[in-house]
Amino acid sequence: MRALHPFTLCGAALALPALAWLLPAPWGGAGAAVVALGLCAIGGEGSGVKVWRAALLTAAPFWFFLFLLHGTAGMLATGPRLTTMIASFLWLIAVLPPARLIEAMVAAGWPASAAFLLSATLSAVPALRERGRRIVDAQRCRGLDTRGGPLRRLAALRALALPLVLSALHEVDERALALETRGFTPGVRRTPLAPPRDRVAERALRWGLLIGCVALLVWRIA
Amino acid sequence: MSAMLAFDDVTFAYAGQRALEAVTFTIAPGERVALVGRNGAGKSTVLRLVTGLLHPSTGVVRVGDWDTARRRPDELARRVGSLFQHADQQLFARTVADDVAFGPRVTGVALPEIAARVERALASLGLAAVAGEHPYDLPPPWRKLAALAGALALEPALLVLDEPTAGLDRRARAMVGAALAARAESGSALLVVTHDLSFAAETLDRALVLERGRLAWDAPLAGLLADAKRLEALGLVAPPLARLSQALGLPGGPLREQEVARALAQRCRA
Amino acid sequence: MSALALEGVTYRYPATRTPALADVTLAVNRGEVVGVIGNTGAGASTLLLVAADLVPRVLGGELEGRVTRTGRSALLLPTPWTQVSGMAFTVTDEVAFGPANLGWPLERITGAVERALVRVDAAHLAARDPATLSGGELQRVILAGILAMQPDVLLLDEPTAELDPVGAAAVWRLVREVAAEGAAVLVASSDLDALPDGADRIVWLAGGRVRAIGPARTVLSEATLWTEEGPGSTAIAGVWRRAELAAPFPLTVDEALERAR
């Protein structure tokens, strides 16, 4: 799966949520969600369980709020759609290293800055996770007890949330500056170091997905 | 006197790599120990084992009478104050004072005592003026000092520090040295990972040298600094004062600035 | 001739009244190594940011005075873990990151990367994932990434902070080599012991102003370095002064041995 061209992977990650929203609820959304979660499980390569579990855990609060606001019907209609979006995004992160995406974009003629911006978004989640781990380690080494019941865990989460966001934002500042030191020249095309191979079949698949989604959109509107 | 820290035949391996191999040593309360070695020799791993973030693959790490494998890091924090590299990742409160107060607060120190400890810790490192600032507004070297203040405020029985003087100017280095000496005099044991052998000579007494995961030397620091050949073999360089002291054959082989200065003055006036 | 020249440069960070640099005039010539010393907050890092054209362009703020550069400049930050691209699988790709952004043809990139890795003694790390490197290894790799861009003006902010003494000595030797090849080097360092031999000239910054500028040994021998606003000098100078022996203080062990005999 990782050998596929980055654009194919992006295409799939965009197409699945699109299909989830365009296909009639609830079975359309549910079907797409199942596919997305399935991809998570396969694409995770060993840690696949972690990926689809993360997707479900992230989606769970949304299901809860949907139930509160719209009752069971609303929850069943929109829940799978949201799950598909979350699962597709997490799958993409798990399966597409930012470096490959940049290479693909640069080889296709995108400006380097756009490529870096997109890849930074993709690497944001793993980077935040890593940073969160380091902050929690530091807090534990200063005496913060992180186990215990849900109330304790919630308190620990609160202790983590603000520093995580603040330090991440601060680092974004520093990293933006640091990136500027690595040779960005306006108007100069970045040299692709290892452009990923693009097969005819994959290109056909991407076009197929796009045409399919557009057709579905037209059909739904009409 | 029972040991404050004991490594008993500790081996640590992860992902097929052996980071530490059969490491054995003890540190008594009040001892000041430098942990020295090339990049990648395993020094940071030792610190993570002491704080309980890692457990040994084989062997036992004991802090006082506690086996670190049976204790959580937050429990060990009652006895171990730590400073890791990249202090930026250790600071998480909105002001420097709050951050320094975090450890004492969470480990249950009484409120009035917390304020006193924070004040003392900040004053000892020259941070009193920036107590109300956001940690990220400080220049990077001072963030390191803020993180160290947090460890000092715990007034722990054992302080484990990773490169506390890297990137600091002369005045800050002197303050760190004085603060650590004061802690050691109150009975804390110090285990300091450092490249800065000048700082080590000034503040610490004993040297543990790690070489590719193994303990290659465990003896007084003075002995190590006087042994040019061994230093070279370990990829280390004797600090300038030690080299001067040796080359001039100063009586007593002094290594600390004050003592070298005294011997030098006597020598040059004679 | 100078590759980098600052004339009467005053710079204020955004929304700050006190200037971080005040009326700084300095020139760095091709083939020369200029060291910048000063206490934390004296303005050394800001000076390098100005020299690298990152300030005010990227960070904002107000700049007065003139900065002239010939050729390309490259800056090594004191925090290598923020400077790592985060978008490279291998050390080779990491080092190639800069040259690729410069749009060089692939063969030129490969050659520059190989050479840079050898020069920082990190060739054995070529296939490693940058995320698994130690602090010292990472600093060397980022330095290689900067060198691979073949800058005319090399700007280094605390290049040896994460390195062990042997690694640090190697970097100072490398800095000399790079200067000898024609680059102009401006390096901020708190490793004062390395500067008598490592730098040709030294600038002492205090409160954003140039307090002294001149040949390395001359500046490092100034008695005023030992006041509140100064970073002191080498360890040998320090002990000489503490022994209350006569100025000018020797700077290195060899110089001290000469004087003591």
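Over chain B, what is the relative contact order in percent, taking alpha-carbon pairs closer than 8 angstrom and at least six residues apart?
Numbers: 508 pairs, mean separation 61.7, N = 270.
Relative contact order of chain B: 23 percent.
What's the Kirkwood radius of the range B:79-183 in Å, using all Cα pairs? Mind dumping the intermediate values first?
Details: mean 1/r = 0.0753 Å⁻¹.
For the range B:79-183, inverting the mean 1/r across all distinct Cα pairs yields 13.3 Å.
Counting Cβ atoms of other protein chains within 10 Å of each Cβ in C:209-220 and taking the mean gives 0.
Amide H contacts for B:ALA216 (H built 1.01 Å from N in the peptide plane; partners 5 or more residues away or on another chain; cut-off under 5 Å): B:VAL209, B:LEU210, B:GLU211.
A Förster radius of 22 Å, combined with the Cβ-Cβ distance separating A:VAL200 from A:ALA108, puts the computed FRET efficiency at roughly 0.90. Within 10 Å of the Cβ of each residue in B:169-175, the mean number of Cβ atoms contributed by other protein chains is 5. Label point 7 Å out from B:ALA13 along Cα-to-Cβ: which residues of the range B:45-75 have amide N under 12 Å? Counting backbone N atoms under 12 Å from the label point, the list is B:57-58.
With N denoting the number of residues in the protein assembly as shown, provide Rg(C-alpha) divided by 2.2 N^0.38 Å, to two decimal places.
Details: Rg = 28.3 Å, N = 753, 2.2 N^0.38 = 27.3 Å.
This ratio for the protein assembly as shown stands at 1.04.
In whole Å, how far is the Cα centre of the range C:28-93 from that of the range B:154-219? When both Cα centres are located, 31 Å separates them. Taking every alpha-carbon pair in chain B and binning the separations at 10 Å intervals from zero gives 7, 29, 34, 22, 7, 1, 0 percent.
For the protein assembly as shown, what proportion of DSSP beta bridges, expressed in % and rounded to the nearest 5, is antiparallel?
On the way: 39 of 74 bridges.
Expressed as a percentage, antiparallel bridges in the protein assembly as shown total about 55.
Computed from the C-beta positions of A:ALA3 and C:THR90, the FRET efficiency with R₀ = 22 Å rounds to 0.80. Counting only the backbone N, which residues of the range B:126-150 are under 18 Å from the spot 7 Å out from the Cα of B:THR95 toward its beta-carbon? Counting only backbone N, you get B:126-139, B:143, B:146-147, B:149-150. Here the contact order of chain A, divided by its residue count and restricted to Cα pairs under 8 Å and six or more residues apart, works out to 28 percent.
Both radii are taken from the alpha-carbon atoms of chain A; with Rh as the Kirkwood radius, Rg/Rh is 1.02. The amide H of C:PHE89, built 1.01 Å from its N in the peptide plane, has no neighbour under 5 Å, considering only residues 5 or more places off or on other chains. At q = 0.18 Å⁻¹ the log10 of I(q)/I(0) for the range C:24-145 amounts to -1.08, computed by Debye summation with a single uniform scatterer per C-alpha, solvent ignored. Per residue of B:82-92, other chain Cβ atoms within 10 Å of the residue Cβ number 6 on average. Of the chymotrypsin sites (Phe, Trp or Tyr not before Pro) found in the range A:64-144, not one falls in a DSSP loop while having at most 15 other beta-carbon atoms within 10 Å.
Taken over the alpha carbons of the range A:110-188 as equal point scatterers, the Debye sum produces base-10 log I(q)/I(0) values at 0.16 Å⁻¹ of -0.70.
What does the charge count around B:ARG262 come to, taking other residues whose C-beta lies under 12 Å from its C-beta (Lys +1, Arg +1, Asp -1, Glu -1)? With Lys, Arg at +1 and Asp, Glu at -1, the neighbours total +1. Shown here for the range A:164-193: trypsin sites (Lys or Arg not before Pro) in loop regions (DSSP other than H, G, I, E, B) with at most 10 other Cβ atoms within 10 Å, of which there are none.
FYI, it's all coordinate maths here, none of it is from the lab. Computed from a predicted model, the values in this text were never measured in an experiment. Here Cβ is always computed from backbone atoms with ideal geometry, including for glycine, and neighbour counts include all displayed protein chains.
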